[in-house]
Amino acid sequence: MMEVMDINTAWNLITKTLKRTETEPLTLAPTREVFSSAVSVLHQHGMSHIMKEWFLTSFQEDMHDSIIPEFWNCFQTCEEGIFWKFPYALNFLSNKFQIYWPAIEELQLLQDKLTEQIHTLPPEGQNSLKNSKPSLKEEFFSLARCLLFAKWPVDFRAVLVEFFSLSFKSYQAKFQNSKENESIIQCCFCDNSTDSCCCEKRLAAFYHTTQKLYELQFFETVVGDVPINVAQDVVETYVHDYCKGNFEVPLLEDLRSWLEKTVVAWLSSFYYEEINANSPTVVSKYKARLLNILYEAFADVRMEQLFDIIIEFPESQAALEDLKEVLKITNLRSKLISSLKASIENRLLHPGVNTSDILTAYISAIKALRVLDNTGVVLQVVSEPVCRYLRSREDTVRCIIFSLREDGCGELACELLKGVSVKFEDTFITDEEGDNWEKWSPDPVDADPAKTTDSQRSSDIIGILVNIYGSKELFVNEYRSLLADRILTTFSYNTDKELRYLEMLKLRFGETQLHCCEVMLKDIADSKRINSTLNSGEVKTYQQGDFPINTMILSAQFWPSFKEEKLKLPEYIWQNLKKYTTAFEALKGNRSLTWKSHLGSVDLEIELKGRILNLSVSPVHATILWHFQEKSKWSITELSSEMQIQPSVLRRKITLWQNNGVLCETETDVFVLTEEEQTVNREAMVIIEEEEESVTASSQDMKEEELQTFWSFIVGMLTNMESLPLERIHSMLRMFAVQGTSTNECSIHDMRQFLEKKVRDRQLVYTAGMFKLPKYDA
């Protein structure tokens, strides 16, 4: 018969049974019957419910006294490397918790029985039982989490990051090794040789550790967002490396496939959870997040490379298609615009880049940005600094016209062949646009409300370039100058090619604008016919002199202004030219000729001792040699006075005869005729390459000439009002003097330059922001 235990004996027996010791494993001594009797004694006294509270309190003391310090000390004592620190510490913790499992099982059985007999407990016992969790193990792990991770070392997160980073590398090595051959000597993921590769060992330890975290219910608390942050870094690094300099093939689909097969598969390998059809899993949420991270990383990389992508277009069209798809998802268009504008301004819009190169890059940008954004907003915003910079360059229009006139199949030459008329930007809807109202679509919300993007969407490239200035007249005048240069430098009567280009330009700019150019080409044809008539002897009053004369007779009011250069031709030449003029007047009645003596070409046959030279030279060069025919020695001063040209110009022109061995400089600025051929001293040869100068006046010269016509108005204003600021002078001239003239386009900047030149010439005085006429003493 069992002896009846008192309450103290029963409590001591229970605490000894449940209390863990360091030297021996936990046992339920002496027997289960005795332990059950002790529990019954406590239950009879209404104290059975306090055993769980005592156990948890005892566990809390053990945690503070030994388990927590030893757990964190494991990170310091582990010598196998940073990857193994966390598995080593977690294994220690799991072994420590193993001692408590038998006691937890017994207490769980007791709690289940008490739940069934809850009405036998005192009120405070009933409340304690109702407030406790159904699972004692869950309560145990919850307490352990709170105690263990209430405060962790600063470097613990770095250990976790390294643990997951190295585990991903090991997973990636496993994924790639299945496809690669066995010729690799060193593993690129663990930096060991293939024989001693530790990737499989790491991966096994990683899965074992994550399994332990789930068993201890620590996974969420300990791991947190570390895996997704590691995955984010991996995605960003991979995208940056994979997209580096690769523009010719689409990459976005490959990146999505890589993300699914590697990063998402890695996350799925250690995230264990029950699938609920009504809520997405953690991995599916992470997959959506990583996909957005991939898109943003791809967009950032492509935005950094966008300038190079534009330059390489159309070979880089695949990269633009990928970026277009990403922009629709990420809504990073404003960032792209800012990045591209900064790249263009830093790499393109500076004095070190030729205007022709800027235009080439701008044309590529127009084509590429149409692929990237068919709304035209990106092109509209990015074009503003480019157009503003091109307007500041004096040779922009000439470069555009020259590109249109290129004999090769250039960008603008091909565009010219399309034959689309130039349209200008406007803000009103035409009748044609109104008829297609069903196809109308509004501008995007980020478009400039003061401008329409229709021109950026539909205009051809030539139209966009013309819209830089907003005027056809400027381009037509530049083409007229270029046409005059071509005709008067080649001196060819064959204008078939020029006529073909003129017809194509008419389709772009209209016949009215190019009427002057049509007259210019007609002048060449008429000149050819007149020369043929006079030189054939059909005009009896004209007898050809000692040399044939072929002229280009130009209608003064249709040709651009020529550079004014003086040249006095020899009297013998003038007599022959007068005969030609008399014959022309007899042939044309009331029309006469004004000779431009500095323009033209002279075919010379030069007979010297032992040699004959055949050259085609300018009238200036021919006149120089003519005077040495009369006198074998000339100084620069004497010859410039005789020819009525500047000494500096004469000095430059005379180098042609020096290099051909016809003239020789015996003294400073003194030249003599050399009959005999001499050995050319290459070191002494004067190498002065004459630049091909335009025969027409530059746009700046013509602008100054036009402004000079208003000089008398300015003098009159300053005489009456003594002094005026620049703005007042400009506004008064626009109001009274320049109405109805081409000078209507004169800007205040042009007026400032004109007046500053007058100040330098001492024709005006500028003080305190006011211009006034100078006063001279009597």
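The values are calculated or read from the model by the stated rules, or taken from the named source; none is laboratory data. Since we're looking at a predicted model, the values are computed, not measured. Here the Cβ positions follow ideal geometry from the backbone for every residue, glycine too, while neighbour counts run over all protein chains shown. Each accessible area value is taken on the protein alone, full model and side chains, heavy atoms only, with ligands, DNA and RNA left out. Shrake-Rupley method; radii C 1.70, N 1.55, O 1.52, S 1.80 Å.
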Protein-only accessible surface order, largest first, of R388, R256 at 1.4 Å: R388, R256
query: Roughly how many Å is it from the Cα centre of region 72-102 to that of region 643-677, as a whole number?
result: 98
Cα lying deepest toward the dipole's positive end in region 197-332, options V235, L320, F307, charges on Cβ: V235
- prompt: Could you state the number of Å between the C-alpha centres of region 311-340 and region 587-608?
  reply: 60
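Classify region 605-644 as rounded, prolate or oblate from the Cα gyration tensor: take a ≥ b ≥ c as the square roots of its eigenvalues, call it rounded if a/c is under 1.5, otherwise prolate when a/b beats b/c and oblate if not.
The shape class here is oblate.
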- line: Once the dipole of region 497-558 is set up from charges on Cβ (+1 Lys and Arg, -1 Asp and Glu), the residue from the list T551, S527, F509 lying farthest towards its positive end is F509
message: Expected output is a single nm value to one decimal: the length gained when fully extending between S338 and E79, i.e. 0.36 nm times separation in residues minus the C-alpha distance. What is it?
response: 88.2 nm
- request: Report the full-extension gain for the segment S356 to F547: residue separation times 0.36 nm, less the Cα-Cα distance, to one decimal in nm.
  value: 64.4 nm
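Taking a 26 Å limit on the Cα-Cα distance, which of the listed pairs K472/K563; K367/K497; K522/K563; K472/K497; K137/K201; K169/K285 fall beyond it?
K367/K497; K137/K201
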message: From the protein chains alone at 1.4 Å, what is the descending order of accessible area for T221, T209, largest first?
response: T221, T209
message: Show me, for region 207-217, the HN-Hα J-couplings you get by feeding each phi into the Karplus relation (A = 6.51, B = -1.76, C = 1.60, θ = phi - 60°), rounded to Hz, glycine and proline as x.
response: 5, 5, 5, 5, 5, 4, 4, 5, 5, 7, 6
- line: Quick calc, region 500-653, dipole around Cα centre from Cβ unit charges on Lys, Arg (+) and Asp, Glu (-), nearest 20 debye, gives 240
query: In what sequence, largest accessible area first, do S339, S316 appear using a 1.4 Å probe?
result: S339, S316
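Where does the charge balance sit around K772 when Lys and Arg score +1, Asp and Glu -1, over other residues with C-beta under 13 Å from its C-beta?
Values: positive: R728, K758, R762, K775; negative: E722.
Overall, the nearby charge balance is +3.
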- request: Can you grab the distance from the C-alpha centre of region 469-498 to the C-alpha centre of region 712-735, Å, no decimals?
  value: 37
query: Hey, rough spin-label estimate for M732 and E53, points 7 angstrom out along Cα→Cβ, what's it come to in nanometres?
result: 10.4
